[in-house]
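Okay, so here's the structure we're looking at.
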Amino acid sequence: SAVISQKPSRDICQRGTSLTIQCQVDSQVTMMFWYRQQPGQSLTLIATANQGSEATYESGFVIDKFPISRPNLTFSTLTVSNMSPEDSSIYLCSVIEGLVTEAFFGQGTRLTVV
Amino acid sequence: TQLLEQSPQFLSIQEGENLTVYCNSSSVFSSLQWYRQEPGEGPVLLVTVVTGGEVKKLKRLTFQFGDARKDSSLHITAAQPGDTGLYLCAAGGKLIFGQGTELSVKP
């Protein structure tokens with residue numbers, strides 16, 4: 001199974017600023033996703049990170065607020081832009097290897113916006 | 001939009017008790033996964049079920065996929081405090097997740 005390193009693991013940020021979260025995988029993977037999770041709650045898919053092209057965003061999420069890059073098959077970044085306290089959440093990177101939809105996750109980034 | 005309805009959302013039981021968590025949908029899935037998540041960590045895959053009616057066992061955990069591949073259940077026998085965590089079902093090509101079941105097993 002893929003090993004995923006996500007950083008930072010946590011951060012406290014001022015409102016109006018931006019934070020970039022990095023996701024590094026130890027092998028080439030088919031698909032990479034970014035999720036948001038409120039503590040104790042389920043995961044909401046933000047977008048699919050596409051290698052070499054624009055990410056595919058889910059309803060309620062837009063590129064201006066959550067720009068995503070995926071320059072190669074092992075690395076992706078998610079930026080949370082112009083943050084407000086409502087953006088305080090856990091952000092998770094996830095990958096799927098091959099054709100089977102079994103996901104592996106990073107440990108998450110706990111973001112607090114003050 | 002494919003939705004996964006998971007129940008119950010919260011479960012607090014004593015060590016040694018049995019429990020069942022349900023995951024239901026109106027959609028048919030080619031496969032369904034169950035994950036367990038502990039605080040400060042990402043979800044970890046427990047099992048994937050693929051065939052309608054399939055039953056898989058993982059020690060004290062029993063997973064079943066409905067005959068019509070629209071629903072699934074997770075049964076834990078003789079729960080232990082180490083089973084405490086958030087249990088999530090997921091399915092679909094982009095892995096949509098159920099609401100989760102927060103399980104607390106008290107010694």
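The values are calculated or read from the model by the stated rules, or taken from the named source; none is laboratory data. What you see is a predicted model, and the numbers here were worked out from it, not measured in a lab. A quick note on method: Cβ atoms are made from the backbone with ideal geometry, for glycine too, and the neighbour counts reach across all protein chains shown. All accessible areas refer to the heavy atoms of the entire protein, side chains included, with ligands and DNA or RNA removed. Shrake-Rupley method; radii C 1.70, N 1.55, O 1.52, S 1.80 Å.
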**Item:** Residues in region A:69-109 that, when all protein chains are in place, have 20 Å² or more less accessible area than the chain alone would give (probe 1.4 Å)
**Value:** A:T101, A:E102, A:A103, A:F105, A:Q107
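Over all distinct Cα pairs, what is the inverse of the mean 1/r for the protein assembly as shown, reported as the Kirkwood hydrodynamic radius in Å?
Details: mean 1/r = 0.0556 Å⁻¹.
Evaluated over the protein assembly as shown, this radius sits at 18.0 Å.
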**Message:** What is the sum of charges, Lys and Arg at +1 and Asp and Glu at -1, for the other residues whose Cβ falls under 13 Å from the Cβ of A:F75?
**Reply:** +1
**Request:** Kindly work out what percent of the DSSP beta bridges joining two residues of chain A are antiparallel, to the nearest 5.
**Result:** 90
**Request:** Please label the shape of region A:4-108 as rounded, prolate or oblate, based on the square roots a ≥ b ≥ c of the eigenvalues of the alpha-carbon gyration tensor (a/c under 1.5 means rounded; beyond that, a/b larger than b/c means prolate, else oblate).
**Result:** prolate
**Asked** To the nearest 100 Å², how much accessible surface do chains B and A cover up together, summed over both, with a 1.4 Å probe?
**Response** 1500
**Message:** Just checking the output field for B:92-101: average partner chain Cβ neighbours within 10 Å of each residue's Cβ?
**Reply:** 5
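Partner chain Cβ atoms within 10 Å, averaged over the residues of A:35-44 - can you pull that number for me?
Details: counts 4, 0, 7, 0, 3, 7, 6, 15, 13, 2.
Partner-chain Cβ atoms within 10 Å, mean over residues of A:35-44: 6.
Can you give the extra length, in nm with one decimal, that the chain gains between B:A78 and B:L58 once fully stretched, where that is 0.36 nm per residue apart less the Cα-Cα distance? Walk me through the intermediate numbers first.
Numbers: separation 20, 0.36 × 20 = 7.20 nm, distance 1.32 nm.
Full extension from B:A78 to B:L58 adds 5.9 nm.
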**Prompt:** If you take the beta carbon distance between B:V28 and A:E58 as r and set R0 to 25 Å, what does 1/(1 + (r/R0)^6) give as a FRET efficiency, to the nearest 0.05?
**Reply:** 0.70
**Request:** Can you figure out the FRET efficiency of B:K106 with A:R10, using R₀ = 30 Å and their beta-carbon distance, to the nearest 0.05?
**Result:** 0.55
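Among the GluC sites (Glu not before Pro) within region B:1-96, which fall in a DSSP loop and have no more than 16 other Cβ atoms within 10 Å of their own Cβ? Display every interim value, and only then the final one.
On the way: sites: B:E5, B:E15, B:E17, B:E41, B:E54; in loops: B:E15, B:E17, B:E41, B:E54.
Counting only loop positions with at most 16 other Cβ atoms within 10 Å, the GluC sites (Glu not before Pro) in region B:1-96 are B:E15, B:E17, B:E41.
Taking each residue of B:41-53 in turn, how many C-beta atoms of other protein chains fall within 10 Å of its C-beta, and what is the average? Walk me through the intermediate numbers first.
On the way: counts 5, 15, 10, 4, 5, 0, 1, 3, 0, 1, 0, 0, 0.
Mean inter-chain Cβ contacts per residue within 10 Å come to 3.
Just to check, using Stokes-Einstein with a Kirkwood Rh over alpha carbon pairs, what's the diffusion coefficient of chain B at 25 °C and 0.890 mPa s in µm²/s?
Working: Rh = 13.7 Å.
Using the Kirkwood radius from Cα pairs, D works out to 179 µm²/s.
Quick check for you: with a 1.4 Å probe and neighbouring chains kept, what is the accessible area per residue of region B:5-106, in Å²? Write out the running numbers ahead of the final one.
Working: 4650 Å² over 102 residues.
Normalised by residue count, the accessible surface of region B:5-106 is 46 Å².
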**Message:** Rounded to whole Å, give me the distance from the Cα center of region B:51-107 to that of region A:50-105.
**Reply:** 26
**Message:** Could you work out what % of the accessible surface of the protein assembly as shown is carbon and sulfur, using a 1.4 angstrom probe and leaving DNA, RNA and ligands out of the count?
**Reply:** 50
